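Encoded as structure tokens, the structure appears first; notes follow it.
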Amino acid sequence: MSDFGESDSLDVPFQVPQLHRLRFTRDVFTTDQDVLADLLAPSGDRRPRVQFWLDDHLCRARPGLLGKIRCFCDEYADRVTRVGNVQRVPGGEAIKNDIHVLERMLKVFRASDLDRRSYVVVIGGGAVLDAVGFAAAIAHRGIRLVRLPTTTLAQSDSGVGVKNGVNLFGQKNWVGTFATPWGVINDARLLDSLGERDFVSGFSEAVKVALLKDPQLLDDLRRDAAAIRRRQWDKALPIIRRTALWHLRHITEGGDPFEQREARPLDFGHWSAHKLEVMSGFELRHGEAVAIGLAIDTVYSSLACGLDPAHARQVLACLEALGFSLACPESADTHTLFAGLEEFRQHLGGRLTLTMLKGIGDPIDVHQIDRPLMRQAIAEVRRQAESVGAGG
Ligand SMILES: NC(=O)c1ccc[n+]([C@@H]2O[C@H](COP(=O)([O-])OP(=O)(O)OC[C@H]3O[C@@H](n4cnc5c(N)ncnc54)[C@H](O)[C@@H]3O)[C@@H](O)[C@H]2O)c1
Ligand SMILES: [Zn+2]
């Protein structure tokens with residue numbers, strides 16, 4: 001036993017090993033089924049018990065998926081035990097906005113006798129991953145979670161993230177936990193049923209990591225924006241992979257996976273994005289709001305932090321070439337929007353810390369926002385959006 005001495009005051013650091021398992025597949029329910037089966041490790045001599053949770057919109061867009069999951073369970077019946085029916089939950093932000101869904105999910109876990117060594121396999125967009133992941137994290141203080149993200153955004157960002165949560169008190173992600181998923185499978189095939197908006201939506205997170213960490217990625221995005229928008233997979237999939245790997249690297253090597261420091265560098269553009277999502281009554285998708293938030297903070301960076309204004313213009317043009325609209329009636333209400341600054345600060349505690357840009361790939365933390373300049377930045381983004389709308 002360690003010698004803790006005679007002291008009445010003990011500050012003992014300790015570390016908990018974490019393992020992030022990320023897999024890339026082409027078609028996880030046909031050619032790549034082993035990848036999923038291999039992730040579901042047995043516990044001692046017990047076959048792993050697995051429950052599948054599906055995004056309802058995904059189910060409707062891919063009517064064959066339920067059957068494929070049942071086939072997977074039948075084919076691997078000697079290796080996994082399916083527990084209960086495949087569960088379907090509301091897709092999109094609706095699942096995060098209704099706290100009662102959480103209780104219903106927990107009841108299903110309980111009725112199925114899931115335990116800490118069982119697996120919840122969740123297949124869906126970022127919202128469903130967040131909500132089912134939260135339920136799995138708090139049931140028995142943590143059931144193993146395997147995520148199969150099915151949107152470009154979730155495969156680029158939230159799938160590999162170590163956060164979950166739902167919205168409460170009119171605020172995004174007010175309740176949630178940090179929890180490393182057991183595994184994540186980014187399957188390319190699952191993306192092909194996405195509608196236009198949700199396909200485009202994820203690439204704002206790619207622009208975000210490019211601005212923060214990877215000028216080459218920004219050049220590639222600018223060059224290939226039209227092809228990505230047309231769903232040219234040989235251009236789109238590598239961008240999603242590089243973005244996911246940046247997020248993974250940040251979590252595993254950045255030294256602060258559970259956000260205990262005051263800065264949240266990967267939340268560039270997100271103070272306004274989160275607020276705009278709420279202000280729009282969730283009409284705006286997360287990725288769409290992030291595109292507007294990035295545009296605002298990029299222009300602000302050019303006004304207040306030394307970013308070359310020509311670079312800022314290129315970033316806005318890149319977002320528009322990818323298919324984002326920077327038009328957003330909500331951003332005119334700067335009074336309400338600025339409340340997002342305090343909400344952002346409070347979510348993390350401590351003093352306000354926002355990431356801005358001195359240059360592309362050259363972020364800087366700021367602790368104060370010059371509101372007149374921020375209003376100017378918002379107005380410039382609105383002008384840019386109007387000029388595009390007017391064919392300018
Ligand atoms: N936990 C994190 O680290 C983290 C990071 C980023 C974003 N998020 C959260 O993720 C959410 C946004 O996720 P999103 O952008 O994936 O949107 P989403 O989950 O709202 O999905 C968008 C729409 O597409 C549908 N859908 C999903 N996959 C589909 C498919 N393959 N085919 C057809 N339809 C499909 C969904 O049902 C929904 O209607 C937000 O709530 C955001 O806060 C979390
Ligand atoms: Zn985001």
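Looking at region 284-349 from every direction and averaging, what is the projected area of its Cα convex hull in nm²? Before the final figure, lay out the partial values.
Details: hull surface 20.8 nm².
Value for region 284-349: 5.2 nm².
Taking amide hydrogens as modeled 1.01 Å from N in the peptide plane, which residues meet the under 5 Å criterion relative to K163, leaving out close sequence neighbours?
HN-HN under 5 Å from K163: A179.
Over 20 Å apart: what share of the alpha carbon pairs of region 1-113 falls there, rounded to a whole percent? Write down the numbers at each step before the final one.
Working: 3823 of 6328 pairs.
Of all Cα-Cα pairs in region 1-113, 60 percent lie more than 20 Å apart.
Points 7 angstrom from Cα along the Cβ direction at E343 and S193: gap in nanometres?
3.2
Below 8 Å, C-alpha to C-alpha, sequence gap of six or more: please give me the relative contact order for the chain in percent.
Values: 654 pairs, mean separation 53.4, N = 392.
About 14 percent, as a whole number.
How many times 2.2 N^0.38 Å is the alpha carbon radius of gyration of region 167-270?
Its radius of gyration relative to the 2.2 N^0.38 Å reference: 1.19.
So if I average 1/r over every pair of distinct C-alpha atoms in region 83-153 and take the inverse, what Kirkwood radius in Å does that give? Can you show the working numbers first?
Details: mean 1/r = 0.0823 Å⁻¹.
Mean inverse Cα-Cα distance, inverted, gives 12.1 Å.
Measuring with a 1.4 Å probe in the full set of protein chains, what accessible area per residue, in whole Å², belongs to region 227-324?
Numbers: 3760 Å² over 98 residues.
Value returned for region 227-324: 38 Å² of accessible area per residue.
If you average the alpha carbon positions of region 301-318 and of region 132-203, how far apart do those two centres end up, in angstrom?
The distance from the Cα centre of region 301-318 to that of region 132-203 comes to 31 Å.
Report, to two decimal places, the Cα Rg of the chain normalised by 2.2 N^0.38 Å (N = number of residues). Could you put the intermediate results ahead of the total?
Values: Rg = 21.6 Å, N = 392, 2.2 N^0.38 = 21.3 Å.
In units of the globular-protein estimate, the chain measures up at 1.01.
Please compute the Kirkwood hydrodynamic radius of region 97-203 from all pairs of different C-alpha atoms, in Å with one decimal. Show your work: numbers first, answer last.
Working: mean 1/r = 0.0712 Å⁻¹.
Across region 97-203, the inverse of the average 1/r is 14.0 Å.
Working from Cα positions, state the angle (0 to 90°, nearest 10) between the long axis of helix 99-111 and the longest principal axis of the chain.
20
Determine one quarter of the surface area of the Cα convex hull of region 50-98, which equals its mean projected area, and express it in nm² to one decimal.
3.7
To the nearest 10 degrees, how steeply does helix 309-322 sit against the main Cα axis of the chain, on a 0 to 90 scale?
50
Give me the extension gain from V175 to I99: residue separation times 0.36 nm, minus the current Cα-Cα distance, reported in nm with one decimal. Could you put the intermediate results ahead of the total?
Details: separation 76, 0.36 × 76 = 27.36 nm, distance 0.99 nm.
The span from V175 to I99 would gain 26.4 nm if fully extended.
What's log10 of I(q)/I(0) for region 196-243 at q = 0.14, 0.15 Å⁻¹, Debye sum over Cα points only, no solvent?
Result of the Debye calculation: -0.27, -0.31.
Testing the spin-label approximation: label points 7 Å from Cα along Cα→Cβ at S43 and R223. State their distance in nm.
4.9
Report in % the part of the accessible area of the chain that belongs to carbon and sulfur, leaving out ligands and nucleic acids; probe 1.4 Å. Provide the component values of the computation, followed by the final result.
Details: 8820 of 17860 Å².
Whole-percent figure for carbon plus sulfur exposure: 49.
Compute the helix-to-body angle for 334-348: its Cα long axis versus the longest principal axis of the chain, expressed 0 to 90° and rounded to tens.
Taking Cα atoms only, the helix is inclined about 40 degrees.
Taking a ≥ b ≥ c as the square roots of the eigenvalues of the Cα gyration tensor of region 260-392, is the shape rounded (a/c under 1.5), prolate (a/b larger than b/c) or oblate? Show your work: numbers first, answer last.
Values: a/c = 1.70, a/b = 1.24, b/c = 1.37.
Oblate, because a/c is 1.5 or more while a/b does not exceed b/c.
Taking the DSSP beta bridges in region 23-146 as the whole, what percent of them are antiparallel, to the nearest 5?
On the way: 1 of 14 bridges.
Around 5 percent of the beta bridges assigned by DSSP in region 23-146 are antiparallel ones.
The values are calculated or read from the model by the stated rules, or taken from the named source; none is laboratory data. All of these numbers come straight from a predicted model, not from anything done at the bench. Cβ: placed from backbone, ideal geometry, glycine included. Neighbour counts: every protein chain shown. Keep in mind that these areas ignore ligands, DNA and RNA; they rest on the heavy atoms of the full protein, side chains included. Shrake-Rupley method; radii C 1.70, N 1.55, O 1.52, S 1.80 Å.
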